[in-house]
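Participant: Structure below; questions to follow.
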Amino acid sequence: MGQVNGCVSRRTVLGAAVAGAAVAGLAGCGGAEWYPADVTPDEYVLRSVIREKERTVALYEAAIADGAGPADLLERLLEHHLTHADALVESLPEGASPTPPADPAEGGGTPAQDGPAPGEALDAAGLRLLESAATSARLDQAAAVSDPGLAQLISGIGACEAGHAYLLARA
């Protein structure tokens, strides 16, 4: 029914044009190169995890300074978080600044971000809750990235944080 009196109908031509535009549009969505913003979705998630790690490091340092738990355990877990932060920063795209200026309009983060202010000392129970919330957030963050290596890194960090929560529960 695409031809009328030997001519192609207007409906067929429009349908072909729309289909061609859709195929051309999908072909351009192959990777991060096409993304129209300065920060790709993967980098956005990565920077979010880095900010959470920086906050967690500050909370552990305050807890250690306050003597709010078993010092040897807290120092060991702090080292893990510092290692995680280093690995995350190394995963940033080449040429990306490790710490971009903070966006004051940014808010409504994960439970790990919305916790106590940095410098506020938590006890082992508070740190355990922080670790549990972070573990839960890592599942969503790993699912939100398209790079399999980055998803694996974030998942591994979440698994380590689950171990931290377990150790803190036993402390």
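Matching residues to (1) in a loop (DSSP other than H, G, I, E, B); (2) in contact (Cβ under 8 Å) with a residue 24 or more places away in the chain; (3) at positive phi; (4) open to solvent by 40 Å² or more (accessible area, probe 1.4 Å):
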position: 142; (1), (2), (3), (4): no, no, no, no
position: 158; (1), (2), (3), (4): no, yes, no, no
position: 161; (1), (2), (3), (4): no, yes, no, no
position: 166; (1), (2), (3), (4): no, no, no, yes
position: 169; (1), (2), (3), (4): no, yes, no, yes
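Participant: How about the stretch 139-171: which of its residues are within 18 Å of residue 90 (Cα to Cα) and out of contact with any Lys or Arg (no Cβ under 8 Å at 6 or more places or on another chain)? Talk me through it step by step, then tell me what you get.
Facilitator: Pass one, the stretch 139-171, residues within 18 Å of residue 90 (Cα to Cα): 141-142, 145-158.
141, 142, 145, 146, 147, 148, 149, 150, 151, 152, 153, 156 - these are the residues of the stretch 139-171 that are within 18 Å of residue 90 (Cα to Cα) and out of contact with any Lys or Arg (no Cβ under 8 Å at 6 or more places or on another chain).
Participant: Inspect all residues belonging to the stretch 87-104 and state whether any of them is at pLDDT 75 or above, among the hydroxyl-bearing types (Ser, Thr, Tyr) and touching a Gly at 6+ places or on another chain (Cβ under 7 Å).
Facilitator: Within the stretch 87-104 (the criterion being at pLDDT 75 or above, among the hydroxyl-bearing types (Ser, Thr, Tyr) and touching a Gly at 6+ places or on another chain (Cβ under 7 Å)), the answer is no, since none of the residues qualifies.
Participant: Identify, by number, the condition in (1) modelled with pLDDT of 95 or more; (2) open to solvent by 90 Å² or more (accessible area, probe 1.4 Å) that residue 81 doesn't meet.
Facilitator: Unmet for residue 81, out of (1) modelled with pLDDT of 95 or more; (2) open to solvent by 90 Å² or more (accessible area, probe 1.4 Å): (2).
Participant: Next question. Mind listing whichever residues of the stretch 113-140 are closer than 29 Å to residue 39 by Cα, at pLDDT 90 or above and surrounded by fewer than 18 Cβ atoms within 10 Å (Cβ to Cβ)?
Facilitator: Scanning the stretch 113-140 gives 136, 139, 140.
Participant: Also: Could you list, in sequence order, all residues of the stretch 41-64 that are over 9 Å from the mean Cα position of the chain (by Cα) and basic (Lys, Arg)?
Facilitator: 51, 53, 55
The values are calculated or read from the model by the stated rules, or taken from the named source; none is laboratory data. This is a predicted model, so every value here is computed, not measured. When we count neighbours, we look across all protein chains shown, and the Cβ atoms used for this are built from the backbone with ideal geometry, even at glycine. For accessibility, only protein heavy atoms count, side chains too; no ligands or nucleic acids. Shrake-Rupley method; radii C 1.70, N 1.55, O 1.52, S 1.80 Å.
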